[in-house]
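Remarks on the structure that follows.
The values are calculated or read from the model by the stated rules, or taken from the named source; none is laboratory data. Note that the structure is predicted; figures quoted are calculated from it, not measured. No Cβ is skipped: glycine too gets one built from the backbone with ideal geometry, and neighbour counts run over all protein chains shown. What goes into the accessible areas is simple: the full protein's heavy atoms, side chains included, and nothing from ligands, DNA or RNA. Shrake-Rupley method; radii C 1.70, N 1.55, O 1.52, S 1.80 Å.
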Amino acid sequence: MVQATLFLPMLFLALGAHSLHAKKCSLTGTWVNDLGSNMTIESVDAEGVFAGSYHTAVSASPNEIKKSPLQGSQQKGRNQKSQPTFGFTVNWSFSDSITVFTGQCFVDDDGKEVLKTMWLLRSHVDERGDDWKATRVGTNVFTRL
Ligand code: BTN
């Protein structure tokens, strides 16, 4: 009984100290992914809504690549997390395609922030019969530039 009354407060103190020191992962800033694409996320508002721009290093379109706008949302529940989930859409300004990304912002063991994402790239096709080949899927990992 004595052991439990000592152990429990110490456990709570240790957990509290850990969460005080846990670095929060923030989406705001400029990022580069494993393909060499860059994106900038402007400030995230109180509702978790954000906007920014995306400069892709690669494209499925023959058109000249141009910087494109993105709009997204970060999860900001009552129980706000230090490693939040998020999603954003890139509306490509130089093609008829749209990409949606979903992911989570992590802090690694060295305190470095990393965005682990999955994406769906929807290309435009001229007819319904081509719908089957219109969506690509993949992953991207972003680190701060
Ligand atoms: C297009 O091909 O029509 C627009 C460019 C798509 C670029 C894709 S989106 C997913 C992947 N991650 C990137 O950084 N670029 C490619």
Inter-residue pairs, beta-carbon under 6 Å, first under 20 Å from Asn140 (Cβ atoms) and in the range 37-52, second part of a loop (DSSP other than H, G, I, E, B) and of a type in the set (A, V, I, L, M), 6+ apart: Ser37/Ala57; Ile41/Leu27; Val44/Leu27; Phe50/Val44
Looking only at the range 41-59, which residues are surrounded by 12 or more Cβ atoms within 10 Å (Cβ to Cβ), of a type in the set (A, V, I, L, M) and in a loop (DSSP other than H, G, I, E, B)? Val44, Ala57
Taking the range 81-116 as the region of interest, how many residues are outside any strand (DSSP E or B), more than 10 Å from the ligand (Cβ to nearest atom) and polar (S, T, N, Q)? 2
Lone qualifier among Trp119, Trp31 - being within 9 Å of the ligand (Cβ to nearest atom), open to solvent by less than 50 Å² (accessible area, probe 1.4 Å), under 12 Å from the mean Cα position of the chain (by Cα) and not small (Gly, Ala, Ser): Trp119
Pick from the range 122-145, criterion open to solvent by less than 80 Å² (accessible area, probe 1.4 Å) and within 16 Å of Trp31 (Cβ to Cβ), ranking: nearest to the ligand (Cβ to nearest atom): Asn140
